[in-house]
Amino acid sequence: MFDLVADVERYPQFVPLCRDLKVRKRTSNDDGTEVLVADMTVAYKLVRESFRSRVTLDRAKLQILVEYLEGPFSHLQNRWTFHPTGEGTCEIEFFIDYEFRSRTLGMLMGAMFDAAFRRFAVAFEKRADEVYGRKPA
C-alpha cells in the first residue's frame, strides 16, 4: 500500500477532484527518504486550482508526509502512516489539515474538499483492489 500511495503520478486516474499531477523534482536523501516536489491541480465544476507540495516518502518508517509549498491555501499538511497487520495487510492512518487563504474560495470549495477527502479512503481501497486484486474474505 505504501507504493500505491507513493505513486503520486497516477493520482489523476483515481483520486477524487485530482485533474493533474506533475512531479517537478525528485531527490533521494542519504537517510533513505525520497523527496518529491509536485504540482497538483484539483477541479470541481468551473473551479480549478493548483498547488505545489513537498512529498517525503519514508519507506523505513512507513510514512508519507505532504507539506504545502504554494497555492490557494494558507496551510496544508497531510500524513499517511502504514501499520502492518499481517502478511500483505496493513492499517492506514491518514491525517489532513488545511485552510484556504481566501475566505471566498474556502466557502466555495471547502465543503466539496471535505467530502472529497472523506472519499479518499474509498478511492485508495478501490485502487488497491485493482492493483493488488481483492482477497477472498
Picking from Ile96, Ile92, the residue that is over 12 Å from the mean Cα position of the chain (by Cα), under 18 Å from Pro16 (Cβ atoms) and among the hydrophobic types (A, V, I, L, M, F, W, C) would be Ile92
Filtering the stretch 36-55 down to residues that are surrounded by fewer than 16 Cβ atoms within 10 Å (Cβ to Cβ), part of a strand (DSSP E or B) and free of Cβ contacts under 8 Å to residues at least 24 places away in the same chain yields Arg54
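Using the structure shown, decide if Ala60 is assigned to a loop (DSSP other than H, G, I, E, B) and either closer than 19 Å to Arg10 by Cβ or not aromatic (Phe, Trp, Tyr) (or both).
Here the answer is yes, as Ala60 does meet what is asked.
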Can you name the residue in the stretch 82-101 that is in contact with a helix residue (DSSP H, G or I) (Cβ under 8 Å, 6 or more places away or on another chain) and within 26 Å of Arg48 (Cβ to Cβ) and is also surrounded by the fewest Cβ atoms within 10 Å (Cβ to Cβ) among such residues?
Glu99
Of all residues in the stretch 117-134 being of a type in the set (Lys, Arg) and at pLDDT 80 or above, the one that is nearest to Val8 (Cα to Cα):
Arg127
Tally, over the stretch 84-105, of residues that are under 20 Å from Lys45 (Cα atoms), without any contact (Cβ under 8 Å) to a residue 24 or more places away in the chain and of a type in the set (A, V, I, L, M)
0
Taking the stretch 9-35 as the region of interest, how many residues are of a type in the set (A, V, I, L, M, F, W, C), within 25 Å of Lys126 (Cβ to Cβ) and open to solvent by less than 30 Å² (accessible area, probe 1.4 Å)?
4
I'd like the full set of residues that are farther than 27 Å from Pro84 by Cα, of a type in the set (A, V, I, L, M, F, W, C) and modelled with pLDDT of 95 or more, limited to the stretch 41-72.
Leu69
Among the residues of the stretch 15-33, which ones are under 17 Å from Arg52 (Cβ atoms) and either in a loop (DSSP other than H, G, I, E, B) or modelled with pLDDT of 95 or more (or both)?
Val15, Leu17, Asp20, Leu21, Lys22, Val23, Arg24, Lys25, Arg26, Thr27
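The values are calculated or read from the model by the stated rules, or taken from the named source; none is laboratory data. Small disclaimer: the values here were computed from a predicted structure and weren't measured. Neighbour counts run over all protein chains shown; Cβ positions are idealised from the backbone, glycine included. Note: accessible area is taken over every heavy atom of the protein model, side chains too, but ligands, DNA and RNA are not part of it. Shrake-Rupley method; radii C 1.70, N 1.55, O 1.52, S 1.80 Å.
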